[in-house]
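Take a look at the structure below.
Derivation of every value follows stated rules applied to the coordinates shown; laboratory data play no part. A quick note: this is a predicted structure, and the numbers were derived from the prediction, not measured. For neighbour counting, all protein chains shown are included, and Cβ atoms are generated from backbone atoms with ideal geometry for every residue, glycine included.
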Amino acid sequence: MARQLIYHTLVMDLDVIGYYAGVLANYGAHLGQNKPLCDYDATPYPWGSTFGCLGTLMADAELVEEVPLGSTDRLAFIFRSGGRLAAVTYATNTSYNDLHWRPAARELKGVTLACPAGSVEVRDMYWNEVPGLKWSRGRLRLDLDEEPLFIFNKRLSPAAFADLFRKAGVAPVPLALSFNPVTDGAGRVNLRLAVANNSGRDQAGVKVDLRPSAGVPLRHSPLSIAGLWLAPRLVEVGTIRAGETAVVEVPTAYEARLPLEMGYLRGVVTAAGGAEYAGEDYLWLLPAPVAAAAPKADGDLAEWEGRPAAWLAYQRHFNFSYRWEQFLEGEENFGYPSYTLDGRVAFWAAWDKENLYLAARCDDDQPLAGPGEKVRVRLAVAGGRERWLELVPGPTGRLSAALDGKGLAGAGMKLEAQAVKLEAAVPWRELGLAAPAAGQVLTFDLFWTDLDREQGKLYSGTMHWAGGSRTGGRLILAR
């Protein structure tokens with residue numbers, strides 16, 4: 001309830017908070033999805049007290065900005081209330097907010113803020129002063145959990161106060177788990193598990209549990225919604241020396257001919273002595289089969305549309321309980337309310353020895369409603385630098401294509417009543433790959449900026465494909 005109220009008052013900036021957070025009394029029935037704040041006999045529930053307390057405290061709060069919490073994927077919301085500058089954060093305050101979903105990591109130990117002693121005051125989620133704060137060498141140390149923690153500014157400038165969170169130090173996870181798709185010599189896709197030992201001492205008996213939660217006595221539950229291609233198993237890793245990383249490859253049943261989107265994975269790392277840590281990621285995989293013949297970059301997608309496409313569309317809209325990380329800009333214009341932006345993109349990839357071929361169909365009821373509509377693609381070969389392909393369609397049917405600002409000749413478009421169709425051929429030499437081969441994996445993501453006009457006003461928004469991924473999407477050169 002506390003996190004929901006913070007989200008409603010700051011992110012959504014709702015005028016009438018109570019309507020969305022719960023009904024005051026039960027009236028003999030639980031109706032809809034609202035949580036009643038009182039039991040049948042009018043006894044307040046615990047979340048009812050939180051609603052009344054925090055809702056009152058945050059009633060006049062106005063969001064100033066949201067800033068990253070150091071190098072983590074967490075956020076801090078900076079706001080003003082009663083003339084004071086303050087911030088709120090918690091261990092699960094990620095940019096892909098879902099109040100019905102508990103992420104794997106629910107604690108952040110050893111968060112440090114560089115500020116002089118007494119320059120800020122720290123309060124709990126009911127704004128009671130937190131006792132026993134410790135400053136050391138000009139740094140305040142905090143341990144975050146799922147309960148919101150408020151930090152009030154006392155004598156820092158607004159810029160210095162925001163920098164506290166942008167430059168926050170965070171202790172590394174003692175046993176950190178990451179996932180990475182790779183291919184073997186036969187072209188099959190394996191999942192590479194990397195466990196980094198940041199604990200400062202050797203860890204024996206390390207295991208990664210990928211089994212479902214039923215019957216597994218763990219505080220964190222392993223979970224996969226990546227489909228049946230990943231068999232549940234307990235992976236033996238063994239001993240990992242302090243400061244080292246162990247890597248284990250797990251075979252999968254994934255067929256590199258179908259896109260895999262938003263494949264959530266959570267594994268639990270355990271070690272002798274009872275240590276337990278969870279790691280998670282979203283997998284986004286785009287297969288690129290060998291092109292039988294080089295596609296002509298003219299915007300005619302007949303040679304593409306018979307194949308399974310990857311999709312960029314807002315499956316979870318920006319509303320009172322969700323904020324999905326696929327939204328980058330103008331997220332309030334997608335979904336309910338107001339359905340102002342309603343487009344989607346289907347896209348494909350293929351390759352041969354000379355080029356990487358990309359095609360996209362941008363479905364839109366108002367194609368090219370204003371300047372600024374474009375598709376951007378992030379590409380990187382293994383060991384290479386990140387490259388950006390930008391495709392800007394024009395109302396006359398001319399496509400402006402550039403790779404890192406350098407014009408690209410092999411590109412074309414076709415403008416239709418409710419779609420813009422794009423094609424591009426990117427030479428491998430421009431990507432720094434001399435000898436492409438089946439099984440190679442590239443970093444890949446696609447971004448689309450859409451503009452629509454409603455009631456005389458122009459609205460814009462940007463989405464990207466590989467939302468929630470810590471490592472980015474992947475493009476696999478298939479056979």
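I need the phi-derived Karplus couplings for region 66-77: 6.51 cos²θ - 1.76 cosθ + 1.60, θ = phi - 60°, integer Hz, Gly and Pro marked x.
Each residue of region 66-77 in turn: 10, 10, x, 8, x, 8, 7, 9, 8, 10, 10, 9 Hz.
Given charges of +1 on the Cβ of Lys and Arg and -1 on the Cβ of Asp and Glu, with all other atoms neutral, how large is the dipole of the chain about its Cα centre, in debye to the nearest 20?
Magnitude of the dipole: close to 1380 debye.
Using a simple charge model, +1 on the beta-carbon of Lys and Arg, -1 on the beta-carbon of Asp and Glu, nothing else, what dipole does region 336-464 show about its Cα centre, in debye to the nearest 20?
Here region 336-464 has a charge dipole of around 360 debye.
Averaged over every viewing direction, what's the projected area of the C-alpha convex hull for the chain? Give it in nm², one decimal, please.
Approximately 27.0 nm², given one-decimal rounding.
How large is ³J(HN,Hα) for each residue in region 161-167, as worked out from phi by the Karplus curve 6.51 cos²θ - 1.76 cosθ + 1.60 (θ = phi - 60°), to whole Hz, x for Gly and Pro?
Each residue's phi maps through the Karplus curve to give 5, 5, 5, 3, 8, 4, 9 Hz.
For the pair Gln455/Ala294, report the inter-label distance in nm, with labels modelled 7 Å from Cα in the Cβ direction.
Distance between the two pseudo-spin positions: 5.1 nm.
Just for the chain, what percent of DSSP beta bridges are antiparallel, to the closest 5?
95 percent
Quick one: length gained pulling Ala117 to Ala231 fully straight, 0.36 nm per residue minus the C-alpha distance?
Here the segment from Ala117 to Ala231 would lengthen by 35.9 nm.
Summing Lys, Arg as +1 and Asp, Glu as -1, what charge do residues with Cβ under 11 Å from the Cβ of Pro287 carry, Pro287 excluded?
Every neighbour counted, the sum reads +3.
Structure shown: which of Lys296/Lys353; Lys296/Lys374; Lys109/Lys207; Lys167/Lys207 lie over 26 Å apart, alpha-carbon to alpha-carbon?
Distance filter (> 26 Å) returns Lys167/Lys207.
Considering the options Val195, Ala242, Leu477, tell which one lies farthest towards the positive end of the dipole of the chain, charges being +1 on Lys and Arg and -1 on Asp and Glu at the Cβ, about the Cα centre.
Ranked along the dipole, the leading option is Ala242.
Full extension from Val247 to Gln418: what is 0.36 nm times the residue separation minus their Cα-Cα distance, to one decimal in nm?
Difference between extended and current length: 56.8 nm.
Within 10 Å, Cβ to Cβ, of Val250, how many net charges do the neighbouring residues add up to if Lys/Arg are +1 and Asp/Glu are -1?
Result for the local shell: +1.
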